[in-house]
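Here is the structure we will look at.
The values are calculated or read from the model by the stated rules, or taken from the named source; none is laboratory data. Keep in mind it's a predicted model, so treat the numbers as computed, not measured. Surface areas here come from the heavy atoms of the whole protein model, side chains and all, with no ligands, DNA or RNA. Shrake-Rupley method; radii C 1.70, N 1.55, O 1.52, S 1.80 Å.
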Amino acid sequence: CRNGFGCIRCALRGGPARVAACAQPGKPALGCGSVVHGIRFEFDSAVVRPESAPVLDALRAGLAGAKGSVHVEGHTSSEGDDAYNRALSERRAQAVVDELVRRGIARAGITASGAGENRPIAPNDDATGRALNRRVEVRCG
């Protein structure tokens, strides 16, 4: 459910109206504080794939009212060399910044960096974990 509880627990806390909300959860808004997995790149490249447009549009909309600076940080899985992955994550984060600027975010207020494979959020043991680690994080401040 939207508040972080499982649907059964949600229903117990909020009754029938809460059950309906759990049955039709809304998509979380993208913006400050987001961990974004839906931005796709060409293999071994920082070229953003066209199917990423809806995610980038939603991220841009979510950042429209951001106060202060916006920082985009790229992350990779652990496949490949650490130095290479750091550089790739930096190029990909910059590509996301470029796409957001193209969509109307002021370039002066947005920066990019890459963390490479150094801060995984899942084990890199299998394809699922590696996919979760390939992400962009957005911070505002």
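Report the relative contact order of region 56-141, percent, no decimals, based on alpha-carbon pairs under 8 angstrom and at least 6 residues apart. Please report the intermediate quantities before stating the final value.
On the way: 156 pairs, mean separation 37.4, N = 86.
This gives 44 percent for region 56-141.
Convert each backbone phi in region 66-83 into a coupling constant with the Karplus relation 6.51 cos²θ - 1.76 cosθ + 1.60 (shift: θ = phi - 60°), then list the ³J(HN,Hα) values in order as whole Hz, x for Gly and Pro.
Going residue by residue, I get 4, 9, x, 7, 10, 10, 10, 10, x, 9, 10, 7, 8, 5, x, 6, 4, 5 Hz, with x marking Gly and Pro.
Mind running the shape call on region 31-141? Use the C-alpha gyration tensor, a ≥ b ≥ c as the square roots of the eigenvalues: rounded below 1.5 for a/c, prolate if a/b tops b/c, oblate otherwise. Don't skip to the end; give the middle numbers.
Numbers: a/c = 1.79, a/b = 1.68, b/c = 1.06.
In terms of gyration-tensor shape, prolate.
With every protein chain in place, what's the accessible area of I39 (1.4 Å probe, Å², nearest 10)?
Spelled out: I39, probe radius 1.4 Å, area about 20 Å².
Under a 5 Å amide H to amide H cut-off, with H placed in plane at 1.01 Å, what residues pair with V36 once short-range neighbours are removed?
V136, E137, V138
For region 59-92 and region 99-113, compute the distance between their C-alpha centroids and round to whole Å.
That distance is 12 Å.
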